[in-house]
1. State yes or no: is ASN126 within 16 Å of ALA259 (Cα to Cα), in contact with a helix residue (DSSP H, G or I) (Cβ under 9 Å, 6 or more places away or on another chain) and either of a type in the set (D, E, K, R) or within 16 Å of ligand 1 (Cβ to nearest atom) (or both)?
2. Determine whether ARG214 is of a type in the set (D, E, K, R) and closer than 30 Å to ARG44 by Cβ.
3. For the range 92-99, indicate whether the set of residues that are away from ligand 2 (no atom under 13 Å from the Cβ), more than 20 Å from THR235 (Cα to Cα), under 16 Å from the mean Cα position of the chain (by Cα) and crowded, with 18+ Cβ neighbours inside 10 Å is non-empty.
4. Find the residue count for the range 105-126, including only residues that are in contact (Cβ under 8 Å) with a residue 12 or more places away in the chain and away from ligand 2 (no atom under 11 Å from the Cβ).
5. Among the residues of the range 237-246, what is the count of those that are within 10 Å of ligand 1 (Cβ to nearest atom) and not in a strand (DSSP E or B)?
6. So in the range 127-138, with the set limited to residues that are touching a strand residue (DSSP E or B) at 6+ places or on another chain (Cβ under 9 Å) and at pLDDT below 95, which one is farthest from ligand 2 (Cβ to nearest atom)?
7. Within the range 177-189, is there a residue that is at pLDDT 90 or above and within 22 Å of LEU129 (Cβ to Cβ)?
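The values are calculated or read from the model by the stated rules, or taken from the named source; none is laboratory data. Because the structure is a prediction, the values reported are computed rather than measured. Cβ: placed from backbone, ideal geometry, glycine included. Neighbour counts: every protein chain shown.
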Amino acid sequence: MEANAIASKGLGSPAERLERGEVLYYPSAPFALPQGDDLEFLLRQELGSLAHKNISYNPANGKVNGFVRREAGQEARLQAIFAHFSTAATDWLSSLLPYREGWQLDRASFRPQEEATRRLRPKARNDLLHVDAFPGRPSRGNRILRVFANINPREPRIWVTSDPFAKLLKRYGEEAGLPGRAGSRWLSQLGRSIMGLLRPRVGRRSDYDLFMLRFHDYLKLNEDFQEKGPKYLHTFPPGSAWLAMTDTCSHSVLRGRFALEHSYFIAPAVLALPDESPPVLLRNASSSVSVPSASFSNRRAA
Ligand SMILES: O=C(O)CCC(=O)C(=O)O
Ligand SMILES: [Fe+2]
């Protein structure tokens, strides 16, 4: 395994590098992280139940979910820490990337569990390589940008990344079931109806969302890819931060606890390399796929 090596290393603007699947790494986080009492308070928080993978924060309404409630004032303090993190990370990103006019803030999260010893269903495992698709929050053709920070005072967080989406699509797309191919049309309709019944609040998924969910699961369960695919090791020490477009950069986390994370949906109109985005690559790979033009009409503007 290569250490901290990335295929398209260092060429182009930060936006281009991210959109091509590179991880951008900052040895010292370029935005404020919780310190002192706030940090200690955060490190004491525990995950509420197995139903929650992480403690999450919704910047649109300030709600925090997934933590064990122990004391008065705990929720308000968590909200304040998350709000501060969300603002600091977002302000910094808006100075680094040309996305401000076309992004939407998604959730932020705090990850208190040790990843090396977690027991999760195979499709929910974080230690298997995958590209992201959020089951509960369809991206509808927008990109997924994520910023991470390691707030563990002592231990690094360890990631492994592999080939970017473009390469994985060529290698495995057909086998995973490209949209619009014989069989996959009724499957996608069936998928939409079943998921609509199970999760009526999710809203309609596009063919693109259904493919990305399918591809996420396919990659995690594909032993050939998991075992033989190229692997690049990333060691993120305490206090560091990193960025990735995780719908393109295949990734897994092997070890570490106590990370902060913030996700953003990026509209196609503001991308530096729109023609290299997963919806366009997917449309090219599959002649009859219908990829929606992304719309924020039912979302809160950032
Ligand atoms: O927690 C991490 O470091 C990454 C886990 C992951 O793959 C994800 O949240 O999509
Ligand atoms: Fe992921």
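1. Spelling it out, ASN126 is indeed within 16 Å of ALA259 (Cα to Cα), in contact with a helix residue (DSSP H, G or I) (Cβ under 9 Å, 6 or more places away or on another chain) and either of a type in the set (D, E, K, R) or within 16 Å of ligand 1 (Cβ to nearest atom) (or both).
2. no
3. Here is the first cut: in the range 92-99, the residues away from ligand 2 (no atom under 13 Å from the Cβ) are 92-99.
Then keep just the ones that are more than 20 Å from THR235 (Cα to Cα); that gives 92-99.
Right, trim to under 16 Å from the mean Cα position of the chain (by Cα) and you get 93.
Filter once more, keeping what is crowded, with 18+ Cβ neighbours inside 10 Å: 93.
Within the range 92-99, one or more residues are away from ligand 2 (no atom under 13 Å from the Cβ), more than 20 Å from THR235 (Cα to Cα), under 16 Å from the mean Cα position of the chain (by Cα) and crowded, with 18+ Cβ neighbours inside 10 Å.
4. Keep residues of the range 105-126 that are in contact (Cβ under 8 Å) with a residue 12 or more places away in the chain, which gives 105-116, 120, 122-126.
Now restrict to residues that are away from ligand 2 (no atom under 11 Å from the Cβ): 105-116, 120, 122-123.
The qualifying residues number 15.
5. 1
6. ARG137
7. Among the residues of the range 177-189, at least one is at pLDDT 90 or above and within 22 Å of LEU129 (Cβ to Cβ), which makes the answer yes.
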